[in-house]
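Down below is the structure, laid out as structure tokens.
The values are calculated or read from the model by the stated rules, or taken from the named source; none is laboratory data. Bear in mind that the values here come from a model prediction, so they are computed numbers and not experimental data. For neighbour counting, all protein chains shown are included, and Cβ atoms are generated from backbone atoms with ideal geometry for every residue, glycine included. Protein only, heavy atoms only, side chains kept; ligands, DNA and RNA dropped before computing areas. Shrake-Rupley method; radii C 1.70, N 1.55, O 1.52, S 1.80 Å.
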Amino acid sequence: MPDIPLEEVERIAKLARLRFEISEKPKLQKELSDILAYVDQLKEVESKIIEAEPDDKALNLVREDVSINSDDPEEFLKQAPSREGKFIKVKSILE
Amino acid sequence: MSNDFKDLTLKQASEMLARKEVSASELAQSAINRVKEVDSKLHAFLYLAEDRAAADAKLADDAIAQGEATVLTGIPYALKDNLLAKGLQATAASKILENYIAAYDATVVKKLSQSLPVLIGKTNLDEFAMGSSTENSAFGPTKNPYDLERVAGGSSGGSAAAVASGEVLFALGSDTGGSIRQPASFCGIVGLKPTYGRVSRYGAIALGSSLDQIGVFAKTVEDASFAFQSMAGQDAHDATTLPVPVPDYSSMLSEDIKGMKIGVPKEYFIDGMDPEAEEIVRDAIRKFESMGAHMEEMSLPHAKYSLACYYIILPVEISANLSRYDGIRYGLSVPGKNLEEVYYNSRSAGLGAEPKRRIMIGTYASSAGYFDAYYKKAKQAQALIRKDFTDAFQKYDILLTPTCPTPAFKLGEKVADPLSMYLADVFTVGLNIAGVPGISVPAGVTASGLPVGLQIVAGHFAESKLFHAGFAFEKAMNLNLRPKM
């Protein structure tokens, strides 16, 4: 399996909101290609889709629709790097 | 007292507390002294919680005085630093959470607290539990107590080293692909990964949500069963926990395993396995036979796909789970000229090489055009792997395998080659893919003094069989491994 193209590495980095230095990219390209070549052995797996076997322990778990006391929101809000009152402050999205 | 603390089992310490030979406060001080004595060499701990330990010990001593103690009351323990204890740091060994303080207790911490153990501190791990050596920790690696030039294993290497070196009497870790069993094997202690759905993950920093389980490290199988008893069970905060009754595990601890049906999967003895480690594990398996168990070689035909399957499912889940680290609500935030640049800056500065690598793999494998070829294929393989195990447990009570292909490797030996590091988990990941429980129990030491673990595997929710078989084996072997430090 040939290495994945550098442009593909850049496209994926953009989707993941990660920035890499130019010097890091060839190494990353090689590592990703090696890992993808390894997982490629799954192509051997017979393509028959296993009929979903009913699992007697698999359940949908739901709780009653009643209000319960939560932890103090302030405990969570105070972790935010920037806030105004009870709101978390972010940069404007529309320019 | 302080000289002996490092060698005590949880049970022995509990009996000493009951006989009032020692107080919980004294025991906590012994643990803290031991950490101060050895941790500059080991680096098992990221944070020593002296104030919390003193407060916990006071509560334990009060309970003991009032005759309300249980087996865990006053017992010093540690938490992997990806588990939340209110008011304490929870870094997941990442720069992006370096200054994060937990706003609530994980369910496991809350449940354990009812028995009043004493929290000594938070232990080191590979960043976000991604790794097999703790070398991916942003705060430096943990060393193996048996050889300081070797790794403690990972990702829960700090918890394993802390228990093995006698800093604490038990510790919690998380296991997504072997992160409890592999370091337990490397450090010569017991490590349990429970069934998926047996223990709540609420308050655990998520890695691969369809694979993650929280489990326990201890010196003995019996000690592990005591801690596990207090953690298991359904939790309204984690919908993957199931309403399966929690049995009394201590009643399952018997030395009699006559007639137990044991399978030995041939796929778990591979070329390239360390010959000395293989011989130790083969001897261990013969031991079970000599104790009256029925042994049979068998096959898990899709086992060879486990690791490939894992390295698609896990990165896809990582890329989703780690998208929350964006510099907005908590954790490191690096300013930028617009919102998107805040994301880029915070994530690029805060996340280490391995998380970035896995986010990239997961983003690739789940992106348009590749999803069917990778993720869908991996889910098919998962169904086949799971069926191998469920079929096997129609016939066998337990399976026996090596925990790892090698004893602890040297620091730096595998860091340059991510794929070779991934292969350290080749025998452990299958259980996470199938959701079944496993325990690593010490089986022996190599000529150079490195521990080797035996992995015992059971069917879904059959942890009691792990405790039964593990306890009988441990008693028969009578190894009582302790590092010389």
Comparing each residue of segment B:342-377 in the complete protein assembly with the chain by itself (heavy atoms, probe 1.4 Å, ligands and nucleic acids ignored), those losing at least 50 Å² of accessible area are B:Tyr344, B:Lys356, B:Arg357, B:Met360, B:Ile361, B:Thr363, B:Tyr364, B:Tyr374, B:Lys377
Within 10 Å of each Cβ in A:77-87, how many Cβ atoms from other chains are there, averaged over the peptide? 3
Chains A and B, summed buried accessible surface - 1.4 Å probe, Å², nearest 100: 4900
Once the dipole of chain B is set up with Lys and Arg at +1 and Asp and Glu at -1 on Cβ about the Cα centre, which of B:Asn144, B:Ser210, B:Phe427 lies farthest towards its positive end? B:Ser210
Using unit Cβ charges (K, R positive; D, E negative) and no other charged atoms, how large, in debye to the nearest 20, is the dipole of the protein assembly as shown about its Cα centre? 660
Filter A:Lys43/B:Lys80; B:Lys193/B:Lys379; B:Lys143/B:Lys193; B:Lys111/B:Lys356; A:Lys78/B:Lys110; B:Lys58/B:Lys143 down to the pairs with a C-alpha to C-alpha distance above 28 Å, please. A:Lys43/B:Lys80; B:Lys111/B:Lys356; B:Lys58/B:Lys143
Considering only protein heavy atoms and a probe of 1.4 Å, how much of the accessible area of segment B:210-267 is carbon and sulfur, as a whole percent? 53
If you count, for every residue in A:33-44, the Cβ atoms of partner chains within 10 Å of its Cβ, what is the mean? 6
Estimated inter-spin distance, B:Arg286 and B:Ser299, nm [label 7 Å along Cα→Cβ]: 2.6
Tell me, which longest segment in chain B has none of the GluC sites (Glu not before Pro) that fall in DSSP loops with at most 13 further Cβ atoms within 10 Å? B:256-485
For chain B, what does the helix formula give at 222 nm: sum of -39500 (n - 2.57) over DSSP H segments with n ≥ 4, over the residue count, nearest 500 deg cm²/dmol? -11500 deg cm²/dmol
Quick one: which bits of segment B:418-443 get at least 30 Å² less accessible when the partner protein chains are in, versus the chain alone, with a 1.4 Å probe? B:Leu419
Segment B:Ala349-B:Ala18, length gained on full extension (0.36 nm per residue, minus Cα span): 114.1 nm
Counting only protein heavy atoms and rolling a 1.4 Å probe, one gets per residue an accessible area for chain B in Å² of 32
Enumerate the aspartates and glutamates that B:Lys304 could reach by cross-link, defined here as Cα to Cα under 16 Å, with residues fewer than 8 away along the same chain left out. A:Asp40, A:Glu44, A:Glu46, B:Glu267, B:Asp271, B:Asp388, B:Asp425
